[in-house]
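The values are calculated or read from the model by the stated rules, or taken from the named source; none is laboratory data. The structure displayed is predicted, hence computed values, not measured ones. Don't worry about glycine lacking a Cβ; one is built from the backbone with ideal geometry, like all the others, and counts go over all protein chains shown.
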Amino acid sequence: MFLVFFLAFVIRTLLADGYAVRPETGEVFMEPYKYLTNFLQMPVVLLVFLVGVVAVLWGIIRTLWKPAFDKGIWFAGAGTVLTVLALLLVAGYNNTAY
């Protein structure tokens, strides 16, 4: 259930309009697909996001697949930190009005 809601959130966020700032004038305006644009213009942040998502999924799936595997919380925890960090960076950098 988590995965369904998370995917819906990510898709909605990537396709949403966002507030951007023109650095020359300080004008704030709506830019279509701002967060998707931010991910594409900042590939390191995109990589951090993808690594985080894969780590969370690995931690959850591996723990459910093999109950003796008790290290899943480490993968899921680190993946959560990376995913949230990437989302905050996308919302705050690259001339985005957070």
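Under 7 Å between Cβ atoms, at least 6 apart or on separate chains: pull out the pairs that start in region 1-13 with a residue that is more than 25 Å from residue 31 (Cα to Cα) and modelled with pLDDT of 90 or more and end on any residue that is part of a helix (DSSP H, G or I) and among the acidic types (Asp, Glu).
Matching pairs, first to second residue: none at all.
Search region 54-75 for residues being of a type in the set (A, V, I, L, M, F, W, C) and buried (at least 19 other Cβ atoms within 10 Å of the Cβ), and hand back the single one that is nearest to residue 10 (Cα to Cα). Steps first, answer last, please.
Let us first name the residues in region 54-75 that are of a type in the set (A, V, I, L, M, F, W, C), namely 54-58, 60-61, 64-65, 68-69, 73-75.
Within this subset, residues satisfying the condition of being buried (at least 19 other Cβ atoms within 10 Å of the Cβ) are 55-56, 75.
On the way: 55: 16, 56: 15, 75: 20 Å.
Ranking the candidates gives 56 first.
What do you reckon, is residue 72 modelled with pLDDT under 95, within 19 Å of the chain's Cα centre (by Cα) and farther than 30 Å from residue 28 by Cβ?
When the stated conditions are applied, residue 72 does not pass them.
Look through 93, 19, 98, 35 and report the one residue that is surrounded by fewer than 16 Cβ atoms within 10 Å (Cβ to Cβ) and touching a Gly at 6+ places or on another chain (Cβ under 6 Å).
Answer to the check: 98.
Does region 12-35 contain any residue that is of a type in the set (Phe, Trp, Tyr) and in contact with a Leu (Cβ under 7 Å, 6 or more places away or on another chain)?
Checking region 12-35: at least one residue is of a type in the set (Phe, Trp, Tyr) and in contact with a Leu (Cβ under 7 Å, 6 or more places away or on another chain).
Could you tell me whether any residue of region 80-87 is assigned to a helix (DSSP H, G or I) and either modelled with pLDDT under 95 or in contact with a Ser or Thr (Cβ under 8 Å, 6 or more places away or on another chain) (or both)?
Yes: region 80-87 contains one or more residues that are assigned to a helix (DSSP H, G or I) and either modelled with pLDDT under 95 or in contact with a Ser or Thr (Cβ under 8 Å, 6 or more places away or on another chain) (or both).
Quick one: which of 36, 64 is at pLDDT below 95 and on the phi < 0 side of the Ramachandran plot?
Of 36, 64, the one residue that is at pLDDT below 95 and on the phi < 0 side of the Ramachandran plot is 64.
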